[in-house]
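Okay, structure first, notes after.
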Amino acid sequence: KVAEGARRESRALAVSGDADERGRTLRQIVESIERSFDDVEALTQQSVRHPTDPSLTAVSVLPVLPDADCWPNVYVQCGFDFDPALEAAGDSAPKFARGRVKRALVRGHATAEAAGEAKRSYVAYLLPKDGEGGEGGEGGGSSSGDPASQLGAAQELEWVREYEYKAKPKAEGEAYFFVVEPEAGEGLYNEITSEISLARKTFRTVAQRPSEVMLTRRLLDEDEEGYEERATRRQKISSESTLLLTHRG
């Protein structure tokens, strides 16, 4: 919260010139940011209070910082019409193991143009093959990790179904998610750039679906789509102006 508050204040100052929307000067804004760091440094496990339930107590106090390593990535929040592990709505038991589902991929496709019918965009829902990339639980497969996490490694995927979708971009600074790293003693946050709502709809029959889909992880070339966007996001999080407002000392 401190880092994001500093980011909002610096952005407001850049837009308005010498004063923000509350009439504060640059000096006053910097002093406010400095006080917020003092407040954070004074926090202890005993002094933290839950905002609504006083019976809850903190088990640890960790700094929350932007994830410099992953900030260049573009994160999209996907919402499903119902649990994608189920074959049909209302089923009591999942058809697909949770170890596979949590490593699912979606990939954009479009129908072919036909007389009197425009192309329709959709996404394919893909899962690692049984025994690949799962982590325990309900036949999820080996706990040795995801083979596709290594550069150059190939992983076979199963085309499970299709979804129609509606996409909605997020405004800058509107939505974030964070991951707690207890061993590192910190929490890291990343920005969500858009959200997609998915609803099941058949676009290909089983016979029309590819019998084999292979995933290989590699680095983008400089002339490929997405490279410049990632470079811009990387520069944004590592720029000197950002670091001055999110790191003290």
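The values are calculated or read from the model by the stated rules, or taken from the named source; none is laboratory data. Keep in mind that this is a model prediction, so the values were computed, not measured. Every residue, glycine among them, receives a Cβ derived from its backbone with ideal geometry; neighbour counts consider all protein chains shown. Accessible surface areas use protein heavy atoms only, side chains included; no ligands, DNA or RNA. Shrake-Rupley method; radii C 1.70, N 1.55, O 1.52, S 1.80 Å.
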May I ask which of 170/236; 95/119; 102/166; 129/168; 168/201; 102/236 have a Cα-Cα span longer than 24 Å here? 95/119; 129/168; 102/236
DSSP-loop GluC sites (Glu not before Pro) across the range 74-120, with at most 16 other Cβ within 10 angstrom: 87, 113
When Lys and Arg each count +1 and Asp and Glu each count -1, what net charge do the other residues less than 11 Å away from residue 195, Cβ to Cβ, add up to? +2
Which of the trypsin sites (Lys or Arg not before Pro) found in the range 189-235 are loop residues per DSSP with 14 or fewer other Cβ atoms within 10 Å of their Cβ? 201, 217, 218
Positive minus negative residues near residue 210 (Lys, Arg vs Asp, Glu; Cβ under 14 Å): +1
Between the alpha carbon centres of the range 179-220 and the range 87-104 the gap in Å comes to 16
Between residue 235 and residue 118, with labels modelled 7 Å along Cα→Cβ, what's the label distance in nm to one decimal, could you check? 3.6
Taking just the alpha-carbon atoms of the range 167-233, what radius of gyration and Dmax come out, in angstrom? 18.0, 50
Using a 1.4 angstrom probe on the protein heavy atoms only, line up 109, 50 by accessible area, largest first. 50, 109
Rounded to the nearest 10 Å², what accessible area does residue 92 have for a 1.4 Å probe in the complete protein model? 120
A correct Karplus calculation of ³J(HN,Hα) over the range 22-34, with 6.51 cos²θ - 1.76 cosθ + 1.60, θ = phi - 60°, whole Hz and x for Gly and Pro, returns 9, x, 7, 7, 4, 4, 5, 5, 4, 4, 5, 5, 4
Over the heavy atoms of residue 78, what accessible area does a 1.4 Å probe trace out, to the nearest 10 Å²? 60
Please sort by residue number the chymotrypsin sites (Phe, Trp or Tyr not before Pro) in the range 56-92 whose DSSP state is loop and whose Cβ has at most 14 other Cβ atoms within 10 Å. 82
Based on Cα positions only, what radius of gyration and what Dmax would you give for the range 39-106, in angstroms? 19.7, 52
